[in-house]
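A.B. asks: One structure is given below, represented as structure tokens, and several questions about it will come after.
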Amino acid sequence: MLQGFKDFIMRGNVIDLAVAVVIGGAFTAIVTAFTDNLINPAIAALGSADVSGLGFQITSNPATFMDFGKVITAALNFLIIAAVVYFVLVLPMNKLKELQDARKKVETEEDVPVPIEVELLSEIRDLLKEGNPSAGATKNPF
């Protein structure tokens, strides 16, 4: 039972996921500061003098203000974090995996010798394609 758990933990996907979660959590603070201090003021500037931001108030109660600026900010946060995680973590890991797979394939192809039967059959096939009469093919006298 413990061996199965160890195999599960040692798989690359679990470790990659853990790294992505930690890096994504740490990067969230940077993205939040960026959007709170740069994007939100730009979105709030689109509102009018009596409205604090991009949105509207349904009733006179201030709790009914529908703030579209916060929704846009959350979407931008998500897109920025997703792009960073993809380009910093996922893309390099995929490239590394491709290189490892290519290296494994080259090593296995070099290590496996071609059987003598395959070589002989290849030579026979090539001779038959050429139509070489000295290869044992006899001409029909009729």
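Each row is one residue, and each column tells you yes or no for (1) farther than 30 Å from Val22 by Cα; (2) open to solvent by less than 90 Å² (accessible area, probe 1.4 Å); (3) at pLDDT below 80.
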site	(1), (2), (3)
Pro62	yes, no, yes
Lys70	no, no, yes
Ile81	no, yes, yes
Phe87	no, no, no
Leu96	no, yes, no
Val106	yes, yes, yes
Ile116	yes, no, no
Asp126	yes, yes, no
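A.B. asks: Would you confirm, using the coordinates I've provided, whether Ile58 is exposed (fewer than 11 other Cβ atoms within 10 Å of the Cβ), modelled with pLDDT of 75 or more, over 30 Å from Lys97 (Cβ atoms) and not small (Gly, Ala, Ser)? Can you show your working first?
C.D. replies: On the way: exposed (fewer than 11 other Cβ atoms within 10 Å of the Cβ): yes; modelled with pLDDT of 75 or more: yes; over 30 Å from Lys97 (Cβ atoms): yes; not small (Gly, Ala, Ser): yes.
In short, yes.
A.B. asks: Can you go through Asp16, Asp7 and tell me which one is over 23 Å from Ile80 (Cα atoms) and modelled with pLDDT under 75? Show your work before the answer.
C.D. replies: Numbers: Asp16 fails: over 23 Å from Ile80 (Cα atoms).
Among Asp16, Asp7, only Asp7 is over 23 Å from Ile80 (Cα atoms) and modelled with pLDDT under 75.
The values are calculated or read from the model by the stated rules, or taken from the named source; none is laboratory data. These numbers were taken from a predicted model, which means no experiment stands behind them. In this analysis, Cβ positions are derived from the backbone assuming ideal geometry, glycine residues included, and neighbour counts consider all displayed protein chains. When the accessible area is computed, the model is the full protein with side chains, heavy atoms only, and any ligands, DNA or RNA have been set aside. Shrake-Rupley method; radii C 1.70, N 1.55, O 1.52, S 1.80 Å.
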